[in-house]
Structures are given as structure tokens and as C-alpha cells.
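Novice: Supplied in C-alpha cells, the structure appears directly below.
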Amino acid sequence: MKTRKRVEYMWLDGRDPLPKMRSKTRFLDLEDVSAGIPDWNFDGGSTEQGSLEDSDRSLVCVRTYKDPFVEEGWLALCEVRYYSGAPHESNTRSHLTKLTNKLEGILVGFEQEFTFINPADQAPLGFLLSPQQQGQYYCGVGCMNVIGRDIVSEFENRCAKAGIDLDGINAEVMPGQWEWQTKAQSPVKCADDLWVSRYILERVSEEKAVIVSYHPKPHEAFNGAGCHTNFSTEKMRKSFSSEDWEELLPILEEDHFEHIKVCGDGIEKRMTGECETSDYNDFTWGVGDRGASIRIPQRVALEGAGYFEDRRPCANIDPYKVLYSLISSVKKSSLL
Ligand code: MG
């Protein structure tokens, strides 16, 4: 039997280099959402995806989630396409889907850092109330050491309602700065979940009238905000020895500046070689080294199997672009 369903169509706008989520609501008489959400359309002239004369763009649902803000509602993550069916230039997801269609066994996980900003003074939330130096805030407890936990807790609950599994959450080194870790998943699913969880955080923060910033360096006296990307192939999870590193790392070094191009706007402010970063001009790697571009975890070195962490991506990355670039490089090795 068909019943009225509330569906929130969500898509990425055409702002480059920093696309943002947009969404609008549609009420549909549907029997079952799993049978498919019909295509819809929007005014691309208002999202930098069209012009006044040529504004109609198509929304094609590619994944559904439960709407964590509405009983019995759904979120429909959409790709933006032309009416011909061709992906719009801003549709970076379609490139990643094409690249990974026939690739199996890749797992990725993101560590998404971000900063709450107080709209009244445009400073990090709680910044003016607390000592303005690094030290007491990372994983802090107590009102002078941690700011914004109520918002983060609500975000966590809403993600669970939507069916998005987070791997963890922690307060970061600056007041109002936090991080969540996504579950390790296949590339497109993980990037989809990251965008949808960013959307959920924006919605929760909207209600609290707090700004969510993914700026890579919100304050010069503190560590910046990154989106460290953990990566493995099936082969690496079976064996990832120093011989494999010797094959893979020179390839990543060769492609370093291709990667840097998609590692976030303003990367030069964050990756200075200070504050737990490598200089963005250099490719570096190390075992257990948090000052390197690529970190091989100690446990992976000991066990000779596992993953690597790419520490270059900034908080404001488009995960579809970062994964496209990284997978294109790893594909040149025998590890994929
Ligand atoms: Mg962190």
C-alpha cells in the first residue's frame, strides 16, 4: 500500500573548491523506499551548476538513509546530472564510482576534524573563555577543558539513527575543535557517509546556531584541522612488508603534487612542517611518524600487514576527489 513519505533530496553544489551540501524536501506517495526514489530537479543557476537560461539540473538518488530528524522520513543522497544523463562537471562522485567499479577489496576510513565557530565573535567556540594555548583540550573533560560536547553527542545520536556507523569521536587540541572517525568501508560508501554525516552535523549545529568550520587552519597558534585518510587493499591486509613499502612509496612520492592539488584549499596554511604536519612541498613517510605525509602505523610494521595513513588531506577535502587521486596511484603498484 502506498503511503505518504517525506524525502529530503541532498546534493553537492557547484562551489569550487569548497562544495557544500544542499537539500530540499519532497512528499511522495510510495509503497517502499527501497524500490527506488524517483529523479527530481532543481535550479542549477542558484547553486553554481547552471545559468539563468540553462538552469534545469537533474537529481538522481544514489543512496538512501533514514532521516534522523523526521519520524519515518528519508534522506536521498543524489548525484547532479544533465537531462541527457551525463554527470555534471561538479559531480566528482561519478568519477570515483567509475574508477572503483571493478576494483575490489579497498577499505578506507576518514578522521574528520572540524571546529565549532561562535557566530557572535567568529572565534572558535569557547575560545575567549579559556587559555589560548594548546595543551589541555585534547580529549579533555570538564567545562574549562572541553567545549561543544552536547552538540557532538547529538550528532552521534543522529548519525546512529540515520544508519551511519562512526568508529569514534574525540575532542581535539583547540577549544571547540573535534574529530570523528568513520568506519572503514569501500571507497564510495565511505565518502558518501562522510558527506551525509557532515550534512547531519550542519543540521544539528543549525539548531544550536553554531557554525561548523572545516577551515584547515582556524587559528595560527593551534594545530590545524585535517581529514587523515586510512587506506588498505586486500593484499595489504594480508601482507604489507618493507618490500611493499619500497614499491608503493616512490609511486606516492612521484604523484605527491597531484595529491596535494585535491588535499584541500588552504593546505599551505596547515602543512607547514609544524604542528604534527609535514611541509606540503615535501613527500615524507615514516613508521609511527605523525610529522610525515604518510604514516605506517607501528602495529602494521610489527605485524607486516595492514594499512597506511595519508596525513596530507585537510578537513575541507572533497573525499571523492582525494580517493580518486590516491586509488589512481595505488593502482600503479602490484598492491591493487
Ligand atoms: Mg585528530
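Novice: Can you work out the PRE-style zone for Val287? Point 7 Å along Cα to Cβ, and I want the residues of region 218-258 with backbone N under 15 Å.
Specialist: Inside the label zone: 240-246.
Novice: What whole-number value in Å² describes the accessible area per residue of the chain for a 1.4 Å probe? Please list the in-between numbers first.
Specialist: Values: 15440 Å² over 336 residues.
In whole numbers, the chain has 46 Å² accessible per residue.
Novice: Could you give me the percent of Cα pairs per 5 Å distance bin for region 3-90, shortest bin first, beginning at zero and ending with the bin that holds the maximum distance?
Specialist: In whole percents, the pair-distance histogram is 3, 14, 25, 23, 16, 11, 6, 1, 0.
Novice: Quick one: pull the percentage of alpha-carbon pairs in region 223-324 with a separation above 20 Å.
Specialist: Working: 1763 of 5151 pairs.
Tail fraction, whole percent: 34.
Novice: Could you look at region 3-90 and say what percent of its accessible area is carbon and sulfur, using a 1.4 Å probe and all protein chains?
Specialist: Values: 2140 of 4630 Å².
Accessible surface attributable to carbon and sulfur in region 3-90 totals 46 percent.
Novice: Between Asp43 and Ser186, what is the label-to-label distance in nm when each label sits 7 Å out along the Cα-to-Cβ direction?
Specialist: According to this spin-label approximation, the distance is 3.8 nm.
Novice: At a Förster radius of 35 Å, what calculated FRET efficiency corresponds to the Cβ-Cβ distance of Ala209 and Ser51, to the nearest 0.05? Can you show the working numbers first?
Specialist: On the way: r = 34 Å, r/R0 = 0.96.
Taking R0 as 35 Å, the efficiency between Ala209 and Ser51 is 0.55.
Novice: Rounded to a whole number of µm²/s, how large is the Stokes-Einstein D of region 154-215 at 25 °C and 0.890 mPa s, given Rh as the Kirkwood radius over C-alpha pairs?
Specialist: Numbers: Rh = 12.3 Å.
Stokes-Einstein gives a translational diffusion coefficient of 199 µm²/s.
Novice: If you project the alpha carbons of region 100-330 onto the principal axes, what extent comes out on each, in Å, largest first?
Specialist: Rounded to whole Å, the extents work out to 52, 38, 31 Å.
Novice: While we're on this one: Would you compute, from DSSP H runs of 4+ residues alone, the mean residue ellipticity of the chain at 222 nm, taking -39500 (n - 2.57) per run and dividing by the full residue count, rounded to the nearest 500? Before the final figure, lay out each step's value.
Specialist: Numbers: 9 runs with 91 residues, N = 336.
My calculation for the chain gives -8000 deg cm²/dmol from helical runs alone.
Novice: With only alpha-carbon atoms counted, please give the Rg and Dmax of region 56-150, in Å.
Specialist: Over region 56-150's Cα set, Rg and Dmax evaluate to 20.7, 56 Å.
Novice: Measure off 7 Å from each Cα along the Cα-to-Cβ vector at Glu254 and Cys275, then give the distance between these two points in nanometres to one decimal.
Specialist: If labels sit at Glu254 and Cys275, their model points lie 3.4 nm apart.
Novice: Compute the Kirkwood hydrodynamic radius of region 190-266, taking the inverse of the mean of 1/r over all pairs of distinct Cα atoms, and give it in Å to one decimal.
Specialist: Numbers: mean 1/r = 0.0627 Å⁻¹.
Its Kirkwood hydrodynamic radius stands at 16.0 Å.
Novice: Here's another thing I want to ask about it. In what order, largest first, do Arg26, Arg290, Arg57, Arg4 sit by accessible area if the probe radius is 1.4 Å? List each step's numbers first, then the result.
Specialist: Values: Arg26 55, Arg290 115, Arg57 10, Arg4 155 Å².
Ranked from most to least accessible, the order is Arg4, Arg290, Arg26, Arg57.
Novice: Same structure, new question: What is the gain in length, in nm to one decimal, between Leu18 and Ser241 on full extension, counting 0.36 nm per residue of separation less the C-alpha to C-alpha distance?
Specialist: Contour length minus the Cα-Cα distance gives 76.6 nm.
Novice: What FRET efficiency do you get for Asn157 and Arg6 if R0 is 22 Å and r is their Cβ-Cβ distance, rounded to the nearest 0.05?
Specialist: Details: r = 20 Å, r/R0 = 0.90.
Using R0 = 22 Å, I get an efficiency of 0.65.
Novice: By how many nm would the segment from Asp32 to Asp165 lengthen if fully extended, with 0.36 nm per residue of separation less the alpha-carbon distance? Let's see the in-between values first.
Specialist: Details: separation 133, 0.36 × 133 = 47.88 nm, distance 2.34 nm.
Result for the pair: 45.5 nm of gain on full extension.
The values are calculated or read from the model by the stated rules, or taken from the named source; none is laboratory data. This is a predicted model, so every value here is computed, not measured. No Cβ is skipped: glycine too gets one built from the backbone with ideal geometry, and neighbour counts run over all protein chains shown. With ligands, DNA and RNA removed, areas are computed over all heavy atoms of the protein, side chains included. Shrake-Rupley method; radii C 1.70, N 1.55, O 1.52, S 1.80 Å.
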